[in-house]
Amino acid sequence: MASSADARDDAVAAPALTASTAPETLASRLARLDRAVLRWQDASTLAVAHAAAEEARNIVVGAHGPFYGDADRNGEVGGASPVGILPGLKGEAGLAGPNENRCVNADVLGGEWSNPALRWSQLENAIARWRPEANSFPSLPSHPQRVVGWASLTLGSASLDDAREYARHARLHVDFSLRALHDCDR
């Protein structure tokens with residue numbers, strides 16, 4: 001599996017926001033993530049699963065996060081996002097906050113991000129340790145980080161059945177993120 005440094009080398013420049021491009025909200029970004037995971041779950045080919053997993057991963061990490069770029073090597077950056085849901089590697093702001101909604105802070109951010117490089121390295125380590133018989137992703141406090149983990153496994157997979165299974169896991173974490181945003185008592 002490629003490290004985030006390798007993936008960053010393959011990344012293309014983030015799209016620039018133009019005057020006509022309104023900034024995305026966390027709600028609209030989670031809706032995009034939801035649609036990408038639906039495509040991933042319903043993929044009829046491995047190429048479609050890879051493209052949807054790439055889109056989901058890029059939506060979460062944004063241009064300043066690890067693993068951003070054209071992971072399926074089709075010449076396009078699916079889910080191109082100048083800003084991620086989560087903070088970037090050097091602390092660039094993410095759409096999730098910090099947030100006034102305590103559930104977003106707990107489930108989407110998974111706590112504080114005073115050391116974003118450490119938080120992202122925890123994800124890299126969880127991906128490296130993952131085995132079918134030993135799921136390491138529950139150690140990650142952020143549900144969107146877990147989506148990135150499942151997307152990364154999909155992008156490294158040669159099995160459509162496995163890719164769909166990983167999408168089902170990602171679906172759970174998207175659902176938790178949506179509930180944190182919409183169904184929290186704040």
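Relative to the present Cα-Cα distance, how much length would full extension add between Ser44 and Ser136 at 0.36 nm per residue of separation?
Length difference between fully extended and current span is 30.3 nm.
How large is ³J(HN,Hα) for each residue in region 75-82, as worked out from phi by the Karplus curve 6.51 cos²θ - 1.76 cosθ + 1.60 (θ = phi - 60°), to whole Hz, x for Gly and Pro?
With the stated coefficients, region 75-82 comes to x, 10, 9, x, x, 3, 9, x Hz.
Tell me the net charge near Asp107. Cut-off is 12 Å between Cβ atoms, Asp107 excluded, with +1 for each Lys or Arg and -1 for each Asp or Glu.
My count for the surroundings of Asp107 gives +1.
For Ser139, what accessible area in Å² do you get when you roll a 1.4 Å probe over the heavy atoms of the protein chains, rounding to the nearest 10?
80
Quick one, which of [x] 43, 23, 13; [y] 22, 19, 17; [z] 42, 17, 13 is the actual semi-axes √(5λ) of the Cα gyration tensor in Å calculated for this model?
[y]
Excluding Leu153 itself, what net charge comes from residues whose Cβ is under 10 Å from its Cβ, given Lys and Arg +1 and Asp and Glu -1?
-2
If contacts are Cα pairs under 8 angstrom and at least 6 residues apart, what is the relative contact order of region 68-186 in percent?
Rounded, it is 23 percent for region 68-186.
The values are calculated or read from the model by the stated rules, or taken from the named source; none is laboratory data. This structure is a prediction, so every number in the text was calculated from the model and none was measured. Neighbour counts run over all protein chains shown; Cβ positions are idealised from the backbone, glycine included. Just the protein is used for accessible areas: all its heavy atoms, side chains included, with ligands, DNA and RNA removed. Shrake-Rupley method; radii C 1.70, N 1.55, O 1.52, S 1.80 Å.
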